[in-house]
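Here's the structure, in structure tokens; my notes come after.
Every number in this text was worked out from the coordinates using simple rules, so none of it is lab data. The model shown is predicted, which means the values in this text are computed figures rather than measured ones. Here the Cβ is made from the backbone with ideal geometry for all residues, glycine too, and neighbour counts use every protein chain on show.
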Amino acid sequence: MRRLLLPLLLMASMLALPMAANANTTEEFTPGSMIIGHVTDAHAWHLFDYADKDGTEHSVAVPLPIILVNDGHIDVFSSAKFHHGHADYKGYRLVGGGAEKEEIVCVDSNGEPTGKKPVDLSITKTSAAVMIAVILLIVIIFIARAGYKKRPDQAPKGLQSLVEMLVVFVRDNIVRPMIGEKHYQKYLPYLLTLFFFIFFCNILGLIPIFPAGANITGNIAITAILALITFIITNVSGNRHYWTDIFNTPGVPAWLKVFPLMPLVEVVGVLTKPIVLMIRLFANMTAGHIVILGFVTIIFIMSQLFGAGVGAGVSVVSVFFSVFISLLECLVAYIQAFVFTMLSALYIGMAVAEPHHKEA
């Protein structure tokens, strides 16, 4: 392990040297804008910047489809038409980015904003990353499925063994204990899909090479949809005992039921469960990316303040801590998928659980 880690650190440090050298420019470097710009959504998939012989900086990005609904008609074109926010197209302008929210606004023939915003249905970076993650995940599952067909009644190997290990772990250590023997098979497909999707998206977010690198689970819209699905399944599956405990909690004084203090508390608890799921996953994954980017920005800051030589020296320490946090993030990626799936299974198990006592 030590033999592998040392060359990795040296290679990463050598890659950071030109980054530190390029940071020593007359243009002011804003760490907050760079960090927020990398963890938020965008209408193009930015890869890197480079400077030509004249010193002019150019951005290299993968253009994404822009789909806008304005005054009853639909406009579809490539995000490359905006030239990274430096040009208008068809009466639209791309504004924001960095620390500000990126959005599309309408402009008149003179290039003045009209104060109107079209309905934006564009395929953004997060949307494209979700599609890529789903496609790759389906391919992995089908590869594992093909392994069972080729070698029936044999021990799994390769990718098949990894998928089977995770499936058995989720079934026997999360779903079955939380929901119970009677109902767990009904909800196993959803919870397996939930675990694999979150875990796979978390891992892809740690790989800084296209088509990976997008902060999927660090987008609160994604975590909100996942939490909403769990919320709907939980409450639709709720049995009579579940709803009775909410609106007519046993063992509670009658005056608390008449005043509806306890039912109000229970309803608030039902509504806060998906909010907790949403914020926990979003905050933990976003925090990891911000910490890693924070160490990287130290190289640029020191280069601007004290020159490229100091930035190059600091890059060794920054890269070391970045590698350490990245390894820690691999563990966090698994833990967050485990926790989200476990809490979802717990909520569903509470909704379908049978009473342990007979009422008189």
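For the listed peptides 168-180, 323-335, a ranking on the average number of other beta carbons within 10 Å per residue, highest first, reads 168-180, 323-335.
The length gained on full extension between HIS86 and ASN110, counted as 0.36 nm times the residue separation minus their Cα-Cα distance, comes to 7.1 nm. Most tightly packed first, judged by the mean number of other beta-carbon atoms within 10 Å of their residues, the peptides 36-44, 75-83 read 36-44, 75-83. Relative to the longest principal axis of the Cα atoms of the chain, helix 159-170 runs at roughly 50 degrees. Applying 1/(1 + (r/R0)^6) with r as the Cβ-Cβ distance of HIS73 and VAL310 and R0 = 56 angstrom yields a FRET efficiency of 0.50.
Here the Kirkwood formula, the inverse mean of 1/r across different C-alpha pairs, assigns the chain a hydrodynamic radius of 24.1 Å. Computed from Cα atoms, the angle from the helix 125-150 axis to the main principal axis of the chain rounds to 60 degrees.
In straight-distance terms, cross-link reach from LYS90 covers every one of the lysines whose alpha-carbon lies under 18 Å from its own, apart from those fewer than eight places away in the same chain; here that gives LYS81, LYS116, LYS117. Against the chain, whose longest principal axis comes from its Cα atoms, helix 184-205 is set at around 20 degrees.
A simple packing score, the average count of other Cβ atoms within 10 Å per residue, orders the peptides 61-70, 190-199 as 190-199, 61-70, with the highest score first.
Straight distance only, please: which aspartates and glutamates reach the Cα of LYS125 with their own Cα at less than 18 Å, same-chain residues fewer than 8 apart left out? Within the straight-line cut-off, LYS125 pairs with ASP41, ASP49, GLU100, GLU102, GLU103. P(r) for segment 57-123, from all Cα pairs and a bin width of 10 Å, is 20, 58, 21, 1 %, short bins first.
Considering only THR40, TYR50, GLY213, and ranking their Cα positions along the charge dipole of the chain that arises from unit charges at the beta-carbon of Lys, Arg, Asp and Glu, the one farthest toward the positive end is GLY213. Each stretch of four or more DSSP H residues adds -39500 (n - 2.57); spread over every residue of the chain, this sum gives -20500 deg cm²/dmol at 222 nm. A cut-off of 5 Å between modelled amide H atoms, ignoring neighbours fewer than 5 places along the same chain, links TYR92 with VAL107. Distance from the Cα centroid of segment 26-84 to that of segment 145-187 is 42 Å (rounded to whole angstrom). Estimated at 0.36 nm per residue, the fully extended path between VAL339 and ASP49 surpasses their Cα-Cα distance by 100.7 nm.
Counting every other Cβ atom within 10 Å of each residue's Cβ, LYS117, LYS149 order from fewest to most as LYS149, LYS117.
Once the C-beta distance of ARG171 and VAL119 is scaled by a Förster radius of 41 Å, the resulting FRET efficiency is 0.45 to the nearest 0.05. Candidate cross-link partners of LYS182 among the lysines, defined by an alpha-carbon separation under 30 Å and a same-chain spacing of 8 or more, comprise LYS149, LYS273, LYS358. Our estimate of slack between ALA283 and MET34, defined as 0.36 nm per intervening residue step minus the Cα-Cα distance, is 87.8 nm.
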